[in-house]
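Just so it is clear, none of the values below were taken in a lab; they were calculated from the coordinates. Not measured: the values here are computed from a predicted model. For neighbour counting, all protein chains shown are included, and Cβ atoms are generated from backbone atoms with ideal geometry for every residue, glycine included.
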């Protein structure tokens with residue numbers, strides 16, 4: 001009898017542990033749906049404040065990996081021209097010293113192309129140093145996983161040297177993406193220490209590969225986030241759908257994933273690789289997606305612009321109070337970053353006719369009638 005009871009208790013205990021684990025996993029995966037965007041203030045009884053400039057519903061950024069010394073400039077320029085036609089800014093993640101053999105220099109044709117497109121508002125990020133594992137790490141299955149298992153000091157050296165190579169070519173670098181998403185906690189701490197603005201070191205893959213995603217530190221799938229204890233802004237990429245050997249229904253899959261993110265005002269970071277996307281099937285798929293996105297209310301920043309905006313927006317706090325016939329909105333910024341295009345929407349049935357927006361010191365930013373419905377300010 002005691003043995004049966006003991007077995008029953010063990011079975012119940014195992015069931016509870018599994019159930020708790022499943023619940024924790026679901027909360028982790030759907031945390032943004034459950035808790036909403038990680039900002040101090042979104043709305044109260046009287047107003048709501050947009051997550052993005054000019055009240056755009058979502059943000060979309062296109063990022064391209066694996067540009068290196070021998071990349072044909074036309075592949076960069078043609079892709080950039082297509083995306084610019086739709087109003088997007090592209091982020092190219094560049095390998096400075098591919099396989100330790102191809103070191104990019106200021107006189108390379110690819111460098112001139114990158115400088116050209118950055119002068120047009122596009123962006124360059126760092127993509128490791130060699131995009132190849134060191135010789136003593138040959139036990140790693142994927143040789144592209146450059147940072148897999150590397151000690152702190154070696155990771156720091158590679159990031160420092162890689163950025164310096166690009167900066168010596170006249171390219172400004174604010175962000176980093178580890179090759180094959182091989183970053184770990186040390187990588188993020190190094191990026192913080194070296195004053196990088198953002199990282200893009202984790203991805204959610206297209207089906208059926210999405211379970212392979214780097215969920216170790218994917219804390220937020222729909223919004224930018226800070227890895228615990230760091231000021232670094234991290235972005236999660238939402239899959240390379242431009243591999244021509246993948247699911248032929250990639251447009252439907254990509255559209256479905258975007259719509260889920262769009263519903264919750266999230267950020268959609270698409271990525272591909274410079275060679276894979278420069279094929280007729282991939283360009284056709286990209287154009288189809290661009291035409292679809294053109295029907296949506298989207299902000300189209302670079303990752304630097306998105307990171308700077310998010311750092312300002314997440315720390316913004318608002319307090320509202322009605323005095324007489326006036327709704328006073330006090331805005332408090334957590335830093336000195338700009339929030340140009342900040343949008344305040346008045347809710348219905350406010351028991352006041354006028355509004356007054358003031359800053360931390362009480363200085364008036366804007367005032368008018370609540371009947372305006374929506375107010376846009378530069379702050």
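Given the peptides 178-191, 320-333, 38-51, arrange them by the average over their residues of other C-beta atoms within 10 Å, most packed first.
Working: 178-191: 22.0, 320-333: 15.1, 38-51: 16.6.
For the peptides 178-191, 320-333, 38-51, the packing ranking is 178-191, 38-51, 320-333.
State, as an integer percentage, the relative contact order of the chain based on alpha-carbon contacts under 8 Å between residues 6 or more apart.
Values: 692 pairs, mean separation 74.1, N = 379.
With pairs under 8 Å counted, the relative contact order is 20 percent.
Hey, fewest Cβ within 10 Å first, where do 195, 340 land in order? Before the final figure, lay out the partial values.
Values: 195 9, 340 12.
Fewest-to-most ranking of 195, 340: 195, 340.
Using alpha-carbon positions, what is the distance between the centroids of segment 111-126 and segment 63-84, in Å?
Using only Cα atoms, the two centres lie 10 Å from each other.
Just want the ordering: 101, 157, from fewest to most Cβ atoms lying within 10 Å of their own Cβ. Provide the component values of the computation, followed by the final result.
Working: 101 10, 157 14.
Ordered by Cβ neighbours within 10 Å, fewest first: 101, 157.
For Cα pairs less than 8 Å apart in space and 6+ apart in sequence, what is the mean separation divided by the residue count of segment 41-96, i.e. the relative contact order in percent? Walk me through the numbers on the way to the answer.
Numbers: 47 pairs, mean separation 20.6, N = 56.
Over segment 41-96, the number comes to 37 percent.
Can you give the FRET efficiency for residue 291 and residue 323, using 1/(1 + (r/R0)^6), R0 = 45 Å, r = Cβ-Cβ distance, to the nearest 0.05?
On the way: r = 49 Å, r/R0 = 1.10.
Efficiency, rounded to the nearest 0.05: 0.35.
Can you give the translational diffusion coefficient of segment 36-141 in µm²/s, computed by Stokes-Einstein from the Kirkwood radius over Cα pairs at 4 °C and 1.567 mPa s? If you can, show how the numbers build up before the last one.
Numbers: Rh = 16.6 Å.
Estimated via Stokes-Einstein, D reaches 78 µm²/s.
Normalise the Cα radius of gyration of the chain by 2.2 N^0.38 Å (N = residues in it) and let me know the number. Could you put the intermediate results ahead of the total?
Details: Rg = 23.6 Å, N = 379, 2.2 N^0.38 = 21.0 Å.
Dividing the Cα Rg of the chain by 2.2 N^0.38 Å gives 1.12.
Could you estimate the translational diffusion coefficient of segment 105-194 from the Stokes-Einstein equation, with Rh from the Kirkwood formula over C-alpha pairs, at 10 °C and 1.306 mPa s, in whole µm²/s? Please list the in-between numbers first.
Working: Rh = 13.8 Å.
Result for D is 115 µm²/s.
Over segment 47-104, one equal point on each Cα, no solvent: what is log10 I(q)/I(0) by the Debye formula at q = 0.16, 0.18, 0.23 Å⁻¹?
After summing over all Cα pairs, the log10 values are -0.64, -0.72, -0.93.
What fraction of the DSSP beta bridges in the chain is antiparallel, stated in percent and rounded to the nearest 5? Display every interim value, and only then the final one.
Details: 23 of 54 bridges.
Beta bridges within the chain, antiparallel portion: roughly 45 percent.
How many angstrom lie between the C-alpha centres of segment 326-373 and segment 137-201?
So the two Cα centres are separated by 42 Å.
Residue 253 to residue 366: FRET efficiency via 1/(1 + (r/R0)^6), r the Cβ-Cβ distance, R0 45 Å, to the nearest 0.05? Display every interim value, and only then the final one.
Details: r = 44 Å, r/R0 = 0.97.
Once rounded, the FRET efficiency stands at 0.55.
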